[in-house]
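A short write-up of the structure that comes next.
The values are calculated or read from the model by the stated rules, or taken from the named source; none is laboratory data. Model, not experiment: these values are computed from the prediction. Positions of Cβ are backbone-derived with ideal geometry, glycine not excepted, and every protein chain shown enters the neighbour counts.
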Amino acid sequence: MLRKISISLFGILCLAESQAQDSTKAATPPATTITGSVDVYYRYNFANPKDSTFNNYTSFTNSQNSFELGMATVRIDHSFGKASATADLGFGRRAQEFSYNDGATNGFLSLANVKQLYLSYAISDKFKLTMGKWATHIGYELLDAALNRNYSMDYMFSFGPFSHTGLKADISLSKKTAVMVGVANPTDFATTTISSGSLTNFTQAKFLIAQLSTATTNDKFKLYLNYQGGKVNGTSLSQIDAVINVVVTDKFNIGYNGTLQSRKPSGGSSNSFFGSAVYLNVDPTSTFGLTLRGEYFDDKNNILGLGNTLAGIFDATLSANFKVNKLTIIPELRFDAAKNEIFEKNDNSGSKSTGTFVLAAVYTF
């Protein structure tokens with residue numbers, strides 16, 4: 001009898017120890033995730049302009065006949081329970097231009113390296129709050145070269161918001177439909193105190209940001225409707241933006257982005273710029289793909305302060321993606337045409353069009 005009791009007691013102790021071990025395992029925080037990428041490129045404009053414009057009016061590729069560093073980026077993610085944190089740091093040309101207003105301009109040099117930095121808390125599986133700085137929800141293209149199929153950027157990315165600093169809520173409405181709404185510091189104001197993606201806000205003004213996203217049950221059609229709007233120093237800004245992704249076959253898909261931004265100064269009339277782009281993506285094999293981007297951008301009302309430079313401009317960009325494990329080689333041909341003679345020839349005469357070759361390499365880890 002005593003032996004049976006001892007055996008039973010031993011079994012209970014083993015079970016208790018097993019449950020204690022499971023409890024300890026459950027309480028152990030998950031490992032920190034570290035990811036990143038490195039990109040470099042060479043760019044040659046066929047007009048070989050002699051001045052410093054390089055016949056380029058978009059972000060990150062202002063060079064001519066030169067090998068250049070793009071960006072080294074490191075992203076650190078960690079979560080425990082319902083809370084999570086992300087620190088996304090970048091070093092190089094892309095990071096510097098992305099956070100241009102948060103570096104030497106404001107006297108905070110280290111902030112230029114902060115692409116994203118935010119904390120999140122999931123109140124439930126359908127409601128999450130996030131505070132900090134994050135990449136904008138507006139537009140099709142993204143800062144990291146590894147996340148785009150074209151290496152050079154389009155005009156909508158270059159003159160749209162880059163990031164937002166504030167507080168947002170992500171709300172799941174159904175399995176395929178969600179809403180994001182938030183309040184953030186102003187962006188895209190070319191004034192002495194406010195500019196695109198600023199971390200530091202020298203006014204009390206705030207912008208409303210929002211997104212509605214939905215998709216079909218098989219994810220072959222995805223739609224994102226985006227918004228930002230607010231008022232700074234008497235000027236009102238509002239921007240609506242749409243992104244559509246359509247999977248036609250397992251080897252061919254189509255992307256679309258359209259945007260319209262309006263500004264109205266105090267006592268003045270409202271003016272706007274708009275853009276529209278189509279992305280045709282084909283992947284014959286898992287190691288080779290092609291993307292053709294066609295974009296039209298028009299700031300005929302000069303709300304960006306560049307005169308007639310962007311008063312009707314078109315770009316067609318064909319990029320190949322050769323993939324070798326984590327390495328992607330991107331040879332690219334680009335053609336830009338404008339309403340006015342905004343490009344330069346080698347003899348310093350004006351031209352309404354120009355052609356460019358880019359060779360880029362991107363590595364992810």
Would you be able to say whether some residue in region 50-67 is outside any strand (DSSP E or B), charged (D, E, K, R) and within 28 Å of Asp315 (Cα to Cα)?
-> yes
With the condition kept exactly as written, say whether any residue in region 277-285 is more than 22 Å from the chain's Cα centre (by Cα), of a type in the set (Gly, Ala, Ser), surrounded by 19 or more Cβ atoms within 10 Å (Cβ to Cβ) and part of a strand (DSSP E or B).
-> no
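Considering only residues that are polar (S, T, N, Q) and not in a strand (DSSP E or B), look in region 288-331 and name the one that is surrounded by the fewest Cβ atoms within 10 Å (Cβ to Cβ). Before you say what the answer is, go through the steps one by one.
To start, the set of residues in region 288-331 that are polar (S, T, N, Q) comprises 291, 301-302, 308-309, 317, 319, 321, 325, 328.
Next, from what is left, pick out any that are not in a strand (DSSP E or B): 301-302, 308-309, 325.
Values: Asn301: 14, Asn302: 14, Asn308: 14, Thr309: 16, Asn325: 8.
Per the stated criteria, the residue is Asn325.
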Kindly check whether there is at least one residue in region 101-114 that is touching a residue at least 24 places away in the same chain (Cβ under 8 Å), crowded, with 20+ Cβ neighbours inside 10 Å and in a strand (DSSP E or B).
-> yes
For residues in region 233-245 being part of a strand (DSSP E or B) and without any contact (Cβ under 8 Å) to a residue 40 or more places away in the chain, which is farthest from the chain's Cα centre (by Cα)?
-> Ser236
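Touching a residue at least 24 places away in the same chain (Cβ under 8 Å), farther than 23 Å from Leu208 by Cα, out of contact with any helix residue (DSSP H, G or I) (no Cβ under 8 Å at 6 or more places or on another chain) and among the polar types (S, T, N, Q): does that describe Ser172? Spell out how you get there, then give the answer.
Working: touching a residue at least 24 places away in the same chain (Cβ under 8 Å): yes; farther than 23 Å from Leu208 by Cα: no; out of contact with any helix residue (DSSP H, G or I) (no Cβ under 8 Å at 6 or more places or on another chain): yes; among the polar types (S, T, N, Q): yes.
Here the answer is no, as Ser172 does not meet what is asked.
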Quick one: which of Phe98, Phe91 is touching a helix residue (DSSP H, G or I) at 6+ places or on another chain (Cβ under 7 Å) and either modelled with pLDDT under 95 or not small (Gly, Ala, Ser) (or both)?
-> Phe91
Subset of region 38-52 [surrounded by 10 or more Cβ atoms within 10 Å (Cβ to Cβ) and either out of contact with any Asp or Glu (no Cβ under 6 Å at 6 or more places or on another chain) or at pLDDT below 95 (or both)] | Val38, Asp39, Val40, Tyr42, Arg43, Tyr44, Asn45, Phe46, Ala47, Asn48, Pro49, Lys50
May I ask you to list the residues in region 26-60 that are of a type in the set (Ser, Thr, Tyr) and either without any contact (Cβ under 8 Å) to a residue 40 or more places away in the chain or touching a helix residue (DSSP H, G or I) at 6+ places or on another chain (Cβ under 6 Å) (or both)?
-> Thr28, Ser37, Ser52, Thr58, Ser59
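Could you check region 246-261 and list, in sequence order, the residues that are over 21 Å from Phe162 (Cα atoms) and either of a type in the set (S, T, N, Q) or outside any strand (DSSP E or B) (or both)? Even if it seems obvious, please write down each step before you answer.
Going through region 246-261, the residues over 21 Å from Phe162 (Cα atoms) turn out to be 246-254.
Result: Thr249, Asp250, Lys251, Asn253.
Looking at Phe157, Phe127, which one is closer than 30 Å to Leu359 by Cβ and either crowded, with 18+ Cβ neighbours inside 10 Å or hydrophobic (A, V, I, L, M, F, W, C) (or both)?
On the way: Phe127 fails: closer than 30 Å to Leu359 by Cβ.
Answer to the check: Phe157.
Can you report the number of residues in region 127-151 which are closer than 17 Å to Leu318 by Cα and in contact with a Lys or Arg (Cβ under 6 Å, 6 or more places away or on another chain)?
Going through region 127-151, the residues closer than 17 Å to Leu318 by Cα turn out to be 140-141, 145-151.
Add one more test, that the residue is in contact with a Lys or Arg (Cβ under 6 Å, 6 or more places away or on another chain), and what stays is 150.
Looking only at that region, the number is 1.
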Scanning region 238-271 residue by residue, those among the hydroxyl-bearing types (Ser, Thr, Tyr) and out of contact with any Lys or Arg (no Cβ under 7 Å at 6 or more places or on another chain) turn out to be Ser238, Thr249, Tyr256, Thr259, Ser262, Ser266, Ser269
